[in-house]
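First the structure, in the form of structure tokens, and then the observations on it.
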Amino acid sequence: MNITVFGAGAWGTAVAAHMSFVHNVVLWGRDNAVLQSIASQHENPRYLAGIRLSRALKVQADFSLAARHALGKVDALWVLGTPMGALRQTLLQLLEMAPIEQWPPLLWLCKGFEVGTGLMPHQVVEEVLGKPYGGALTGPSFAAEVARGLPCALTAASADESTRMAMVRAAHHAALRVYELDDIVGAEVGGAVKNIMAVATGICDGMQLGLNARAALITRGMAEIKRLAVALGAQAETLNGLSGFGDLILTCTGDLSRNRRVGLMLAKGKTLDGILTELGQVAEGVKCAPVVMQLAARLGVDMPITAAVNAVLFDGLSPGEGVMRLLSREAKSEDAV
């Protein structure tokens, strides 16, 4: 396959490097220094320092030339590895290249809701392109581990079977397994809201509340995610899979999780601005929390953990007060959805 990956961040680079072992892959990015290092040293020093990348991976600084690598080809794919905030603009740039009728299959790697609209990635794509198109490659995955070639399993989510098959062909090799799924709403909600729960779990662990508390938080966090997903039209069963519980467990417990690190640092009393500066990368749970709160209010979905995280992040509530707010809730029957 001829594949173009747009976005040379950690995840875009890792996916591009993995795909390049089997396919003809070109990686586009905005940082010329990063691209030059990938081309000459086979390393992304900014996002994946110390990890050797495939020598077969090619880079291209010109957006148009990168796009044309896969445009008009019989067996091809465009991969959007940009953050959620850049998804819409990247789509508009691609539309300037060619009408959608000439596009190869499309997949995106971003997770979250668009700030300002509350749209999921597939909804942004449909709004820009005027019809449903493409799919999401999502699931429990740290970029550094995929770049190192360690085992991983992901979900190729799309309503379109041919798109799912293209995604599987592109990524299902070596130590990476890809399972197809037609419930893109469930896959995207799981991938987005788990970041908020990771912030909550980081706070829990940073305050040394114990493993019992962590288990309870993750489980009740999934109940919130399922409630929102079902209200948005997802199948509840989807959240039992890789893009649901799988991604939630990894992000809440893995030390490579940026969102978990946000929670750990909040528990130490650090300010949000200081935390984000120290991270130097996007923590989607921070951007996602207020958007999810707006969606939950509009849909009438109860999301107490999300509300507590949002209050700690933006309303001046201390982590300790957030924990007490959750512990003081009235007793009720357990629900999985």
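The values are calculated or read from the model by the stated rules, or taken from the named source; none is laboratory data. All figures in this text were calculated on a predicted structure; none of them were measured in a lab. Cβ atoms come from the backbone with ideal geometry, glycine included; neighbour counts cover every protein chain shown. What goes into the accessible areas is simple: the full protein's heavy atoms, side chains included, and nothing from ligands, DNA or RNA. Shrake-Rupley method; radii C 1.70, N 1.55, O 1.52, S 1.80 Å.
Laid out as a table, the results:
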quantity: Top of Met97, Met84, Met222 by mean-square fluctuation, Gaussian network on the chain, Cα under 10 Å; calculated: Met97
quantity: Magnitude of the charge dipole, the chain, Cβ model with Lys/Arg +1 and Asp/Glu -1, debye to 20; calculated: 720
quantity: Rounded to the nearest 10 Å², the accessible area of Glu96 at probe 1.4 Å; calculated: 150
quantity: Solvent exposure, largest accessible area first (probe 1.4 Å, DNA, RNA and ligands not counted), of Asp255, Asp247; calculated: Asp255, Asp247
quantity: Charge dipole (the chain, unit charges on Cβ, about Cα centre) - positive-most of Pro104, Gly274, Ala223; calculated: Gly274
quantity: Part-to-part distance (alpha-carbon centres) for the range 12-28 and the range 209-260, which is given in Å; calculated: 29
quantity: Added length on full extension, which subtracts the Cα-Cα distance from 0.36 nm per residue, Ser328 to Thr117; calculated: 72.7 nm
quantity: Tyr133 - accessible surface, heavy atoms, 1.4 Å probe, Å² rounded to 10; calculated: 50
quantity: Rounded to the nearest 20 debye, dipole of the range 289-337 from Cβ charges on Lys, Arg, Asp, Glu; calculated: 80
quantity: Spin-label pair Arg30/Leu209, simplified geometry with 7 Å Cα→Cβ offset, distance in nm; calculated: 3.6
quantity: Ranking by accessible area, most exposed first, for Phe21, Phe63, Phe245, Phe6 with a 1.4 Å probe; calculated: Phe21, Phe245, Phe63, Phe6
quantity: Degrees, to the nearest 10: 284-299 long Cα axis against longest axis of the chain; calculated: 70
quantity: Counted charge near Leu264, where neighbours are those whose Cβ lies closer than 14 Å (Asp, Glu -1; Lys, Arg +1); calculated: +3
quantity: Farthest toward positive dipole pole in the range 230-337 [+1 Lys/Arg, -1 Asp/Glu at C-beta], among Leu264, Gly285, Val301; calculated: Leu264
quantity: FRET efficiency estimate (nearest 0.05) - Cβ-Cβ, Lys268 to Val74, R0 51 angstrom; calculated: 0.40
quantity: Theoretical gain in end-to-end length, Leu95 to Glu180 [0.36 nm per residue, Cα-Cα removed]; calculated: 27.9 nm
quantity: 1.4 Å probe accessible area per residue over the range 1-92, in Å²; calculated: 40
quantity: C-alpha long axis of helix 304-314 to longest principal axis of the chain, angle in °; calculated: 80
quantity: Percent carbon-and-sulfur accessible area, the chain, ignoring ligands, DNA and RNA, probe 1.4 Å; calculated: 53
quantity: Gained length - His42 relative to Ser162, 0.36 nm times residue gap less alpha-carbon distance; calculated: 39.9 nm
quantity: Probe 1.4 Å, protein heavy atoms only - accessible area per residue of the range 202-337 in square angstrom; calculated: 49
quantity: Heavy atoms of Lys287: accessible area, 1.4 Å probe, square angstrom to 10; calculated: 110
quantity: Size of charge dipole - the range 24-110 - debye, nearest 20, with Cβ of Lys, Arg +1 and Asp, Glu -1, no other charges; calculated: 220
quantity: Sites Glu126 and Ala56 - FRET efficiency at Förster radius 30 Å, r taken between beta-carbons, to 0.05; calculated: 0.35
quantity: Residues with amide H under 5 Å from that of Trp108, placed H, sequence gap 5 or more; calculated: Leu80, Gly135, Ala136, Leu137
